[in-house]
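Colleague: Take this structure, written in structure tokens, and hold onto it; I'll ask about it next.
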Amino acid sequence: MIAPLPPDPQRQPTWFVALFALAAAGGAVAFVPLLTVLLPQRIADLQGGEDVAVLAQVTFFGAVVASLANIAAGMVSDRTGTRRGWILAGLALSSVLLLAAGEARSAGELVLLVMAWQVGLNLMLAPLMAWAGDCFPDSQKGMLGGALALSPALGALAGSLVTYGGLVALEARLWLVAMLVAALVLPAVICGGGRTRPELMRPRPSVRPGALIPSDEAVRRMWLARFLVQVAEGGMFAFLLFWLRSLAPGFSENTAANIFSLVLVCAVPLSLLLGRWSDRHARPILPLAGCALLCSTGMLVMATAGTLAMAIAGYVIFAIAAAIFLSLHASQTLRVLPAPEHRGRDLGLFNLTNTLPAMVMPWLTVLLVPGFGYSALFVLFALLSLASAGLLASFARPVGSPAT
């Protein structure tokens, strides 16, 4: 049993941690079902069959717009000094554009609508994550990161829900997604008034008492460490089914989806435990370094797998470690940002670690897989994850006193 944390008047109540985690999960519910299932289906309906070129356009231009919109939305929320109003505006705009995308009458119109939808979505997400930095003290960032593991899990479950059998009619699926997002986001925004902590709004010196390295160096290392793991995670997300079928022809896509969902669900309690442990022992970076090392280990198991069982075991190790890493990293990033007045903008720059890998990873795959097979790709991903662990291990020592 983990001992309770010492009292801290700056800490948020558990109910608000839970509501914020659900709001963040609303972002995943907004885009995971659309980009992985509903959008490809809509393209097929418009084009009379699968059209990889159109899907590639939507994915690429959507990632570019998302990158720019996230930075811009963060800057706007910084400049106005308010977050909740922009979150609501983004929720409304993204919901309207999501429904409009379902009514697109041509591939070109669909591409434009998805790009506009990315603007609305990031108008909601950028202030939301900046708001976390305004509200949650360092002593609670591990718990917050653990709770953020709900996002990919609920995103995957939402994708399964809206496409399950005949449960939801085709024309109602986007409506259901919009309603789910609103139901997840609104409670935190409505009940979150007065949750900003004044001391979290004061600029931090470049070297704080108890800090291990200058903040600007910590920011660079945290950014690069996440980027390296995201390249590996994005590669596995895109090519998991193809790789499994290279080992076992005819491997069911439903089984692959079930493995993916199970991994994300299992990561939630483990993230919560590790996050709370990091708060209790003031070791915010150590779990990140350990998870990056496990990512590398899982990739090496996959690269050398001779049986389907061993391959799946390696993937489970990698995927759980990556899910924990990404959720805890999202909250611990808030610890190293030195300027609260630019928090939204800076988090937008960190969001590039989510979008740039989508542009890098396909080229790595094209260069390596045809000539050297998936094993070479996995070895490369293992090296990237190992480099991430090295970047983080250099400042993974305790910070200050426990739970400070």
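Colleague: Which of the residues spanning region 277-318 are charged (D, E, K, R), in a helix (DSSP H, G or I) and crowded, with 19+ Cβ neighbours inside 10 Å?
Modeller: Asp279
Colleague: Considering every residue within region 362-372, establish whether at least one is out of contact with any helix residue (DSSP H, G or I) (no Cβ under 8 Å at 6 or more places or on another chain), at pLDDT 75 or above and either buried (at least 17 other Cβ atoms within 10 Å of the Cβ) or closer than 21 Å to Ala56 by Cβ (or both).
Modeller: yes
Residues checked against (1) within 21 Å of Phe378 (Cβ to Cβ); (2) out of contact with any helix residue (DSSP H, G or I) (no Cβ under 6 Å at 6 or more places or on another chain); (3) at pLDDT below 90; (4) among the aliphatic types (A, V, I, L, M):
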| position | (1), (2), (3), (4) |
| --- | --- |
| Ala257 | yes, yes, yes, yes |
| Ser261 | no, no, yes, no |
| Pro269 | no, yes, no, no |
| Leu274 | no, no, no, yes |
| Leu294 | yes, no, no, yes |
| Val301 | yes, no, no, yes |
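Colleague: Let me ask something else. Quickly run through region 77-96 and pick out the residues that are buried (at least 22 other Cβ atoms within 10 Å of the Cβ) and not in a helix (DSSP H, G or I).
Modeller: Arg83
Colleague: Check Gln118, Gln140 and return the single one that is under 23 Å from Ala53 (Cβ atoms), in contact (Cβ under 8 Å) with a residue 40 or more places away in the chain and in contact with a Ser or Thr (Cβ under 9 Å, 6 or more places away or on another chain).
Modeller: Being under 23 Å from Ala53 (Cβ atoms), in contact (Cβ under 8 Å) with a residue 40 or more places away in the chain and in contact with a Ser or Thr (Cβ under 9 Å, 6 or more places away or on another chain) holds for just one of Gln118, Gln140, which is Gln118.
Colleague: Follow-up. Identify all residues within region 266-299 that are closer than 12 Å to Leu386 by Cβ and of a type in the set (A, V, I, L, M); write none if there are none.
Modeller: Answer for region 266-299, where residues must be closer than 12 Å to Leu386 by Cβ and of a type in the set (A, V, I, L, M): Ala289, Ala292, Leu293, Leu294, Met299.
Colleague: If you don't mind, there's one more thing I want to ask. Could you list all residues from region 318-353 that are out of contact with any helix residue (DSSP H, G or I) (no Cβ under 6 Å at 6 or more places or on another chain) and closer than 18 Å to Leu154 by Cα?
Modeller: Answer for region 318-353, where residues must be out of contact with any helix residue (DSSP H, G or I) (no Cβ under 6 Å at 6 or more places or on another chain) and closer than 18 Å to Leu154 by Cα: just Leu326.
Colleague: Based on what the data block shows, is Leu113 at negative phi and either charged (D, E, K, R) or in contact (Cβ under 8 Å) with a residue 24 or more places away in the chain (or both)?
Modeller: no
Colleague: Looking at (1) in contact (Cβ under 8 Å) with a residue 12 or more places away in the chain; (2) more than 16 Å from Ala30 (Cβ to Cβ), which is the only condition Gly155 fails?
Modeller: Of everything listed in (1) in contact (Cβ under 8 Å) with a residue 12 or more places away in the chain; (2) more than 16 Å from Ala30 (Cβ to Cβ), Gly155 misses just condition (2).
Colleague: Let me ask something else about it. What helices (runs of 4 or more DSSP H) completely inside region 110-203 contain at least 2 residues that are surrounded by fewer than 21 Cβ atoms within 10 Å (Cβ to Cβ) and among the hydrophobic types (A, V, I, L, M, F, W, C)?
Modeller: So the answer is 150-162, 173-191.
Colleague: Out of all the residues in region 174-181, is one or more closer than 14 Å to Leu22 by Cα and touching a residue at least 40 places away in the same chain (Cβ under 8 Å)?
Modeller: Among the residues of region 174-181, at least one is closer than 14 Å to Leu22 by Cα and touching a residue at least 40 places away in the same chain (Cβ under 8 Å), which makes the answer yes.
Colleague: Here is a check on your reading of the model: is Ala158 modelled with pLDDT under 90 and either under 29 Å from Gly344 (Cα atoms) or not assigned by TED's automatic domain parsing to the domain that holds Ala89 (or both)?
Modeller: Yes; evaluated as a whole, the condition is true for this residue.
Colleague: Next question, about the same structure. Which pairs have Cβ atoms under 6 Å, sit 6 or more apart or on different chains, and link a residue in region 290-312 that is touching a residue at least 40 places away in the same chain (Cβ under 8 Å) to one that is in a loop (DSSP other than H, G, I, E, B) and surrounded by fewer than 22 Cβ atoms within 10 Å (Cβ to Cβ)?
Modeller: From region 290-312, the pairs are Leu308/Ala248; Ala311/Ala305.
Colleague: Among the listed residues Ala100, Ala89, identify the single one that is at pLDDT 95 or above and more than 15 Å from Phe31 (Cβ to Cβ).
Modeller: The match here is Ala89.
The values are calculated or read from the model by the stated rules, or taken from the named source; none is laboratory data. What you are looking at is a predicted structure, and each value in this text was computed from that prediction instead of being measured. Virtual Cβ from ideal backbone geometry, glycine too; neighbours counted across all protein chains shown.
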